[in-house]
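The values are calculated or read from the model by the stated rules, or taken from the named source; none is laboratory data. Since the structure is predicted, the reported quantities are computational estimates derived from the model, not experimental observations. FYI the Cβ positions are ideal-geometry reconstructions off the backbone, even for glycines, and counts take in every protein chain you see. Accessible surface areas use protein heavy atoms only, side chains included; no ligands, DNA or RNA. Shrake-Rupley method; radii C 1.70, N 1.55, O 1.52, S 1.80 Å.
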Amino acid sequence: MTAHAELARYRKTPPPTPTPTPTTSTTYIDRPRPGDGPLLWRLARDSRTLDLNSAYSYLLWCRDFAGTSAVARDRAGRAVGFVSGYLRPDSPGTLLVWQVAVDESVRGLGIAGALLDGLSARVAAEHGLSFLETTISPGNHASERLFASYAARHGATLTREVLFAAEEFPDGGHAPEVLHRIGPLHF
């Protein structure tokens with residue numbers, strides 16, 4: 001199936017309606033540290049939806065991309081959620097969100113939204129931010145709701161297009177990755 005056919009099929013399904021989520025006062029948003037790498041790897045593994053990278057990559061991510069990533073910590077300082085991201089080299093005002101994961105024990109408390117809001121505000125203050133991008137596989141309704149809700153909270157437009165078609169993945173069996181682009185953002 002071509003990328004255009006995949007996008008047409010994907011667009012036939014209306015995006016989920018964003019719903020407000022409660023927040024929690026038992027967590028706070030922080031920059032990741034290299035020591036968080038193993039916890040972030042476990043959160044990604046336990047999500048059962050994210051592509052799991054090597055444990056080493058999460059250690060490096062926490063060291064080299066801490067400025068464009070965020071961790072939610074509980075009162076004891078334990079990581080219970082994270083957002084990993086980077087500024088696109090060819091578009092430095094665009095934050096690409098690579099992964100978002102929240103521990104099952106605290107899902108539904110608004111932590112993922114708080115992570116996105118906190119991270120984007122920090123990146124905007126430190127680097128400037130006009131757009132946020134992420135890719136989502138069709139059928140990942142939780143992520144679709146999360147990013148649609150983010151766009152609505154920030155009064156920004158959300159556009160979608162297939163970035164990588166299924167046949168572009170070497171291992172086969174991978175769903176297409178649909179680029180969700182949100183912006184322009186104003187902080």
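Here are some notes:
- Pairs where the first residue, in segment 42-54, is more than 15 Å from THR135 (Cβ to Cβ) and the second is among the small types (Gly, Ala, Ser) and open to solvent by 70 Å² or more (accessible area, probe 1.4 Å), C-beta under 8 Å, 6+ apart: none
- Of the residues contained in segment 153-176, none is found to be in a helix (DSSP H, G or I), within 14 Å of ALA72 (Cβ to Cβ) and touching a residue at least 40 places away in the same chain (Cβ under 8 Å).
- Residue count for segment 49-71 under the criterion of being more than 13 Å from the chain's Cα centre (by Cα) and either in a strand (DSSP E or B) or surrounded by fewer than 17 Cβ atoms within 10 Å (Cβ to Cβ) (or both): the result is 10.
- Residues that are open to solvent by less than 80 Å² (accessible area, probe 1.4 Å), touching a Gly at 6+ places or on another chain (Cβ under 9 Å) and not aliphatic (A, V, I, L, M) were ranked within segment 23-38; the one that is modelled with the lowest pLDDT is THR24.
- Scope segment 72-90; condition within 26 Å of ARG181 (Cβ to Cβ), more than 12 Å from the chain's Cα centre (by Cα) and open to solvent by less than 30 Å² (accessible area, probe 1.4 Å); matching residues: ALA72
- Residues located in segment 98-131, provided they are outside any helix (DSSP H, G or I) and either more than 21 Å from ARG160 (Cβ to Cβ) or touching an Asp or Glu at 6+ places or on another chain (Cβ under 6 Å) (or both): ALA101, VAL102, ASP103, ARG107, GLY108, LEU109, GLY110, GLY128
Residue by residue, here is whether (1) under 19 Å from LEU50 (Cα atoms); (2) open to solvent by less than 50 Å² (accessible area, probe 1.4 Å) holds:
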| position | (1), (2) |
| --- | --- |
| ASP103 | yes, yes |
| ALA114 | no, yes |
| ASP117 | no, yes |
| SER120 | no, yes |
| ALA152 | no, no |
| ALA166 | yes, yes |
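- Per-region count, segment 101-116, residues closer than 15 Å to ALA151 by Cα and in contact with a strand residue (DSSP E or B) (Cβ under 8 Å, 6 or more places away or on another chain): 4
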